[in-house]
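Below: one structure, written as structure tokens.
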Amino acid sequence: MKQKLIILLIILALLAILSLTILALNITIIRALRMNLRGMKALEITKMQVRDPDHPDHFKEEPVVRFMEKADLGHVILDSGKVEGKGDKTLKIDGSRVIFAGNENQTRMVLQEGSCRLDGVENFRVKDFVGKTLFDARNPAVTVDHRIKTIATKYVITNKIRSPVNEDLHFNVDNLIIRGNEGIKSDSKTFNATAGTTLTLKTSVDGAIRLNARRMAMGTKFQTLPISASPALTASIDAFRLCVCVGSSQPRLFTVHGNKPCYAPPGICT
């Protein structure tokens, strides 16, 4: 009988130690997660007034999970499919490869190595909070509001950039490169290109550079272009001589090597 009592006391002691250990672990977890009556300090499960997508002027109450600090997540499955930032705070998602995918039509957006790619989509639209379409991939025309005077970007990939009627279009950059796979066409009332160091016009081997204007000025009133010794055929072969077709109905400019006379290739002056 005494031996059974000792065994019972030992079991109760072990249970007491186990209970105290679990209590200590729970307290540590609560303190580490900074939990309160509404959830964790960095994670809150609550309800929020959100705009109804079917009726942009009305709001409805929906349950939300709110992250107040950084969260390291692997896979996130959302029934609503919405991830939003709070107020004027920036929503920042970091990852070596971030994929937003849907199960119904296998549409997904992949963010990787500084690029954004959309897979499995037939059209892409950007809308504002009232449902107005700002950009449509089927009609890719972006209209800049008149209140926006300057746009700063590193790359612009488009087939046309146009300013409003009777207004100037300015490019102010440290280094500007304009490249077209099938050519570049600039049509304006006045075209003024000013460079601090070098202004270069390049084309492919079988390409052409055409300048069409009533009046063309090169250089400035403070510094004019140097006169080449090309008429004497003593100019450097690394330079080019600028020639003009005077006998054609529409005078055209063309270039030859600096130590060559102005003989136009076939089809230039006709």
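The values are calculated or read from the model by the stated rules, or taken from the named source; none is laboratory data. Because the structure is predicted, anything quoted here is derived from the model rather than measured. As a convention, Cβ positions derive from the backbone with ideal geometry for all residues, glycine included, and neighbour counts pool all protein chains shown.
Descriptive notes on the structure:
- Put simply, of 10, 77 the only residue that is closer than 30 Å to residue 118 by Cβ and not assigned by the TED database to the domain that holds residue 132 is 77.
- Contact map, region 1-22: first residue part of a helix (DSSP H, G or I), second residue surrounded by 10 or more Cβ atoms within 10 Å (Cβ to Cβ), Cβ cut-off under 7 Å, separation 6 or more or different chains; the map is empty.
- Residue check for residue 119: more than 16 Å from the chain's Cα centre (by Cα) and within 29 Å of residue 94 (Cβ to Cβ): yes
- Residue within region 21-38 that is surrounded by 12 or more Cβ atoms within 10 Å (Cβ to Cβ) and closer than 30 Å to residue 108 by Cα present: no
- Selected residue (criterion: modelled with the lowest pLDDT) from residues of region 229-261 that are assigned to a loop (DSSP other than H, G, I, E, B) and buried (at least 16 other Cβ atoms within 10 Å of the Cβ): 235
- Selection within region 129-152: residues that are of a type in the set (Val, Ile, Thr) and modelled with pLDDT under 80. The member of this set that is farthest from the chain's Cα centre (by Cα) is 130.
- Among the candidates 129, 171, the residue that is aromatic (Phe, Trp, Tyr) and either assigned by the TED database to the domain that holds residue 50 or more than 29 Å from residue 200 (Cβ to Cβ) (or both) is uniquely 129.
- Residue match in region 128-145 (condition: touching a strand residue (DSSP E or B) at 6+ places or on another chain (Cβ under 7 Å), charged (D, E, K, R) and over 30 Å from residue 167 (Cα atoms)): no
- If you go through region 46-56 and pick out every residue that is at pLDDT 75 or above and either among the hydroxyl-bearing types (Ser, Thr, Tyr) or loosely packed, with under 12 Cβ neighbours inside 10 Å (or both), you end up with 3.
- Scanning region 251-263 for residues that are aliphatic (A, V, I, L, M) and under 18 Å from residue 216 (Cβ atoms) gives a single hit, 253.
- Residue list for region 127-146, restricted to those being among the hydrophobic types (A, V, I, L, M, F, W, C), more than 15 Å from residue 158 (Cβ to Cβ) and either surrounded by 10 or more Cβ atoms within 10 Å (Cβ to Cβ) or free of Cβ contacts under 8 Å to residues at least 12 places away in the same chain (or both): 134
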